[in-house]
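Report on the following structure.
The values are calculated or read from the model by the stated rules, or taken from the named source; none is laboratory data. Keep in mind that what you see is a predicted model, and the values were worked out from it rather than measured. We place every Cβ from the backbone using ideal geometry, glycine too, and count neighbours over all the protein chains shown.
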Amino acid sequence: GAVVSQHPSWVICKSGTSVKIECRSLDFQATTMFWYRQFPKQSLMLMATSNEGSKATYEQGVEKDKFLINHASLTLSTLTVTSAHPEDSSFYICSATDYNQPQHFGDGTRLSIL
Amino acid sequence: AQTVTQSQPEMSVQEAETVTLSCTYDTSESDYYLFWYKQPPSRQMILVIRQEAYKQQNATENRFSVNFQKAAKSFSLKISDSQLGDAAMYFCAYRWGAQKLVFGQGTRLTINP
């Protein structure tokens with residue numbers, strides 16, 4: 001089946017730094033990629049939808065200047081958490097799809113801000 | 001707005017028994033997709049089964065089957081012959097139009113040996 005690779009799987013960094021998370025579709029062209037955030041014991045919360053070559057669409061309440069999303073190619077989307085603070089610590093998951101296929105998820109990134 | 005509700009925060013079942021997880025949703029659309037995803041402790045999201053709303057036949061994938069009641073907006077998941085590896089969080093999800101998934105709150109399934 002379709003494979004989505006997410007990197008890194010775990011990152012620890014100091015408060016104030018920026019962190020980039022990559023999401024790659026390995027064996028298909030992803031016209032659309034999604035970024036989710038998941039708090040412990042909770043469901044996935046959609047942060048934004050990105051389509052290749054266009055600006056991401058952010059969900060209400062998500063700071064677009066804090067969470068920068070780039071979808072420069074059909075196989076790569078990146079999420080950059082800028083000037084990260086402890087409250088940004090969370091589990092971030094990406095997913096990818098082409099047209100009407102089900103979303104395929106990456107393995108997630110555990111972000112810890114000290 | 002579309003919503004998905006899973007009213008069972010936790011469920012448990014004896015190994016080899018059958019368990020049913022409930023899901024209801026709210027939508028005014030007639031053509032959409034419904035999914036069940038499994039999230040084990042590794043936190044990887046795994047697609048278990050999907051159902052197209054225009055299909056009356058319930059989807060089945062080996063030990064996993066659904067009971068799709070479109071008029072009642074109900075989409076339950078039945079797991080037969082439960083195995084220890086089935087222990088996980090299960091999320092019901094709805095998708096329409098722009099492919100955005102709406103997830104339920106999740107049900108934590110425990111398998112008792």
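Name the residues in the stretch A:24-41 that are more than 13 Å from the chain's Cα centre (by Cα) and either buried (at least 17 other Cβ atoms within 10 Å of the Cβ) or within 12 Å of another protein chain (Cβ to nearest Cβ) (or both), would you? Walk me through it before giving the result.
Of the stretch A:24-41, the ones more than 13 Å from the chain's Cα centre (by Cα) are A:26-31, A:39-41.
Matches in the stretch A:24-41: A:F28, A:A30, A:T31, A:F39, A:P40, A:K41.
Look at A:L44 and say whether it is over 10 Å from the mean Cα position of the chain (by Cα) and either surrounded by fewer than 17 Cβ atoms within 10 Å (Cβ to Cβ) or not small (G, A, S) (or both). Before the answer, list the steps.
Working: over 10 Å from the mean Cα position of the chain (by Cα): yes; either surrounded by fewer than 17 Cβ atoms within 10 Å (Cβ to Cβ) or not small (G, A, S) (or both): yes.
Against the criterion (over 10 Å from the mean Cα position of the chain (by Cα) and either surrounded by fewer than 17 Cβ atoms within 10 Å (Cβ to Cβ) or not small (G, A, S) (or both)), A:L44 qualifies.
Looking for something of a type in the set (S, T, Y) and away from every other protein chain (no Cβ under 14 Å) - is there at least one such residue anywhere in the stretch A:48-71? First the steps, then the outcome.
Here is the first cut: in the stretch A:48-71, the residues of a type in the set (S, T, Y) are A:49-50, A:54, A:57-58.
Filter once more, keeping what is away from every other protein chain (no Cβ under 14 Å): none.
Checked the stretch A:48-71: no residue is of a type in the set (S, T, Y) and away from every other protein chain (no Cβ under 14 Å).
Is it the case, given these coordinates, that B:Y32 is at negative phi and surrounded by 13 or more Cβ atoms within 10 Å (Cβ to Cβ)?
yes
Conditions tested, residue by residue: (1) away from every other protein chain (no Cβ under 14 Å); (2) closer than 19 Å to B:Q105 by Cβ; (3) at pLDDT 95 or above; (4) not in a loop (DSSP other than H, G, I, E, B).
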{"residue": "B:A1", "(1), (2), (3), (4)": "no, yes, no, no"}
{"residue": "B:S12", "(1), (2), (3), (4)": "yes, yes, yes, yes"}
{"residue": "B:K38", "(1), (2), (3), (4)": "no, yes, yes, yes"}
{"residue": "B:S42", "(1), (2), (3), (4)": "no, no, no, no"}
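Would you check if B:T27 is surrounded by fewer than 18 Cβ atoms within 10 Å (Cβ to Cβ), among the β-branched types (V, I, T), at pLDDT below 95 and on the phi < 0 side of the Ramachandran plot?
Details: surrounded by fewer than 18 Cβ atoms within 10 Å (Cβ to Cβ): yes; among the β-branched types (V, I, T): yes; at pLDDT below 95: yes; on the phi < 0 side of the Ramachandran plot: yes.
Judged against the criteria, B:T27 is a match.
Is it the case that the stretch B:35-52 has a residue that's of a type in the set (D, E), free of Cβ contacts under 8 Å to residues at least 60 places away in the same chain and within 24 Å of B:E17 (Cβ to Cβ)?
Let us first name the residues in the stretch B:35-52 that are of a type in the set (D, E), namely B:52.
Next, only the ones that are free of Cβ contacts under 8 Å to residues at least 60 places away in the same chain stay: B:52.
If we keep only those that are within 24 Å of B:E17 (Cβ to Cβ) as well, we get none.
No: zero hits.
Taking the options A:T109, A:T78, A:T97, A:T82, name whichever one is over 29 Å from B:Y32 (Cβ atoms), within 14 Å of chain B (Cβ to nearest Cβ) and of a type in the set (V, I, T).
Details: A:T78 fails: within 14 Å of chain B (Cβ to nearest Cβ); A:T97 fails: over 29 Å from B:Y32 (Cβ atoms); A:T82 fails: within 14 Å of chain B (Cβ to nearest Cβ).
One residue alone meets the criteria, A:T109.
Tell me the residue from B:S76, B:S82, B:S42 that is over 13 Å from the mean Cα position of the chain (by Cα), crowded, with 17+ Cβ neighbours inside 10 Å and among the polar types (S, T, N, Q), please. Spell out how you get there, then give the answer.
Numbers: B:S76 fails: over 13 Å from the mean Cα position of the chain (by Cα); B:S42 fails: crowded, with 17+ Cβ neighbours inside 10 Å.
After applying the criteria, what remains is B:S82.
Are any residues in the stretch B:1-28 over 19 Å from B:F64 (Cβ atoms) and of a type in the set (A, V, I, L, M, F, W, C), and if so, which ones?
B:A1
Restricting attention to the stretch A:63-95, which residues are part of a strand (DSSP E or B), crowded, with 18+ Cβ neighbours inside 10 Å and aliphatic (A, V, I, L, M)?
A:I69, A:L79, A:V81, A:I93
Sort out which residues of the stretch A:73-90 are of a type outside the set (A, V, I, L, M) and within 10 Å of the chain's Cα centre (by Cα), and write them in order of number. Talk me through it step by step, then tell me what you get.
In the first step, residues of the stretch A:73-90 are kept if they are of a type outside the set (A, V, I, L, M); the result is A:73, A:75, A:77-78, A:80, A:82-83, A:85-90.
Those that are of a type outside the set (A, V, I, L, M) and within 10 Å of the chain's Cα centre (by Cα): A:S77, A:T78, A:T80.
Is one or more of the residues making up the stretch A:53-72 closer than 19 Å to B:F35 by Cα, at pLDDT 95 or above and within 13 Å of the chain's Cα centre (by Cα)? Give the steps one after another, and end with the answer.
Residues of the stretch A:53-72 closer than 19 Å to B:F35 by Cα: none.
Within the stretch A:53-72, not a single residue is closer than 19 Å to B:F35 by Cα, at pLDDT 95 or above and within 13 Å of the chain's Cα centre (by Cα).
Can you tell me which condition B:N58 does not meet? The list is (1) in contact (Cβ under 8 Å) with a residue 40 or more places away in the chain; (2) out of contact with any helix residue (DSSP H, G or I) (no Cβ under 9 Å at 6 or more places or on another chain), and all the others hold.
All conditions pass for B:N58, except number (1).
Which condition number does A:I21 fail, the rest of (1) on the phi > 0 side of the Ramachandran plot; (2) in contact (Cβ under 8 Å) with a residue 40 or more places away in the chain; (3) not charged (D, E, K, R) being met?
Looking at each condition in turn, A:I21 falls short on (1).
Please report, ordered by residue number, the strands (runs of 3 or more DSSP E) entirely within the stretch B:46-113 with at least 1 residues that are within 24 Å of A:L44 (Cα to Cα) and within 11 Å of another protein chain (Cβ to nearest Cβ).
Values: elements: B:46-52, B:64-69, B:74-79, B:88-96, B:100-103, B:107-112.
By residue number, B:46-52, B:88-96, B:100-103, B:107-112.
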